[in-house]
1. Among the lysines, which have Cα under 25 Å from the Cα of LYS146 when same-chain residues fewer than 8 positions away are ignored?
2. So who's got an amide H within less than 5 Å of the one on ALA157, skipping anything under 5 residues away but keeping other chains? H placed 1.01 Å off N, in plane.
3. Between beta-carbons, use under 15 Å as the cut-off and find the net charge around THR266, counting Lys and Arg +1, Asp and Glu -1.
4. Which of the lysines could a cross-linker bridge to LYS206, judged by Cα under 25 Å and excluding same-chain residues fewer than eight apart?
5. Quick one: Karplus J couplings for segment 200-206, per residue in order, coefficients 6.51, -1.76, 1.60, θ = phi - 60°, nearest Hz, x for Gly and Pro?
6. How about segment 73-125: which trypsin sites (Lys or Arg not before Pro) there are in a DSSP loop, with at most 10 other Cβ atoms within 10 Å of their Cβ?
Amino acid sequence: MNGSLIRLRPIVLAAALALATAALAGLTRAAETPARPVVSTVAGRAQGLPFGPGESLRFSIEYGLIKAGTAWLEVEPMQVYKGRPCYHLVSRAESNEFMSKIYKVRDRIDSLVDAEGLYSWRYKKRMREGSYSRDYDILYDPPTGKAKYADGKEYAAEPWSKDALAAFYYVRHMPLEVGRDIEVTHHSDRRSNGILVKVHSRETVKVPAGTFDCFVIEPIASEGGLFKASGRMQIWVTADDRRMPVLMKSKIPVGSIDAVLQEYKTGGPATVAMAQPR
């Protein structure tokens, strides 16, 4: 079996954001998208969030009938970073024992996100995929948009930018409405670009974790941005207050790689008193 067909990266979750940084190509440029109402996402106050510390979502990563591995989206205990209370978001993806003999994957993303504005302060990414390995460690200066990497290189981004994982959680916070798009400022992996999230439809989806009424959303990056491989990604998020991702489909030339929710644990409320210095 061609290992590239089962290559797992966290933006198959994240965002799908990001939940999962699987890269997709042939994406439409945001500037060429037909005009539709847009909600701009910058620094604003985050209230009534649909997630909190302790939330844990476990997904099965599947290619057709093949069970390739497991991925998790988790919200760990809050941290204090530069005097600001932050959410600690984590995305992990691991190939199972059988697939690891063919193509072993051990990926992890950690994101520190401002608890008030949901913009990024720090983003760490550790990728171990077969013989390929790469690490990123980015420090953000939110008001200026500067992003400084562990190797000393600095990149200019839009103020209040979100990393790949933070962008998905920000979308979970936004009100969703069919036909109403959301724009997110983004920087990670040495790339700055806008992400347009299209809200396509509303569907009922049945997965092992249950049956859910969902919005179907699709992240689209501007040219030269986050997504690179051929195909498209669609994410089913619950239409209730949780905005929980239950299904993600990442199209590839021969089928799709799916992230299917197996079980979930809801998080508790976040308070500044819970945050620990980092």
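Here, each number is a calculation from the coordinates, and none is a lab measurement. This one's a predicted model, so the numbers in the text were calculated from it and none came from an experiment. Reconstructed Cβ throughout: ideal geometry from the backbone, glycine too, with neighbour counts over all protein chains shown.
1. Within the straight-line cut-off, LYS146 pairs with LYS82, LYS124, LYS125, LYS162, LYS228.
2. Counting only residues 5 or more places away or on other chains, the set is LYS146, ALA147.
3. Details: positive: ARG58, ARG172, ARG242, ARG243, LYS265; negative: GLU55, GLU74, GLU76, ASP240, ASP241, GLU263.
Residues close to THR266 contribute a combined charge of -1.
4. Excluding near neighbours in sequence, the set is LYS67, LYS198, LYS249, LYS251, LYS265.
5. Per residue, the Karplus-derived 3J(HN,Hα) values read 7, 7, 10, 9, 9, 10, 10 Hz.
6. Hits after loop and neighbour filter: LYS101.
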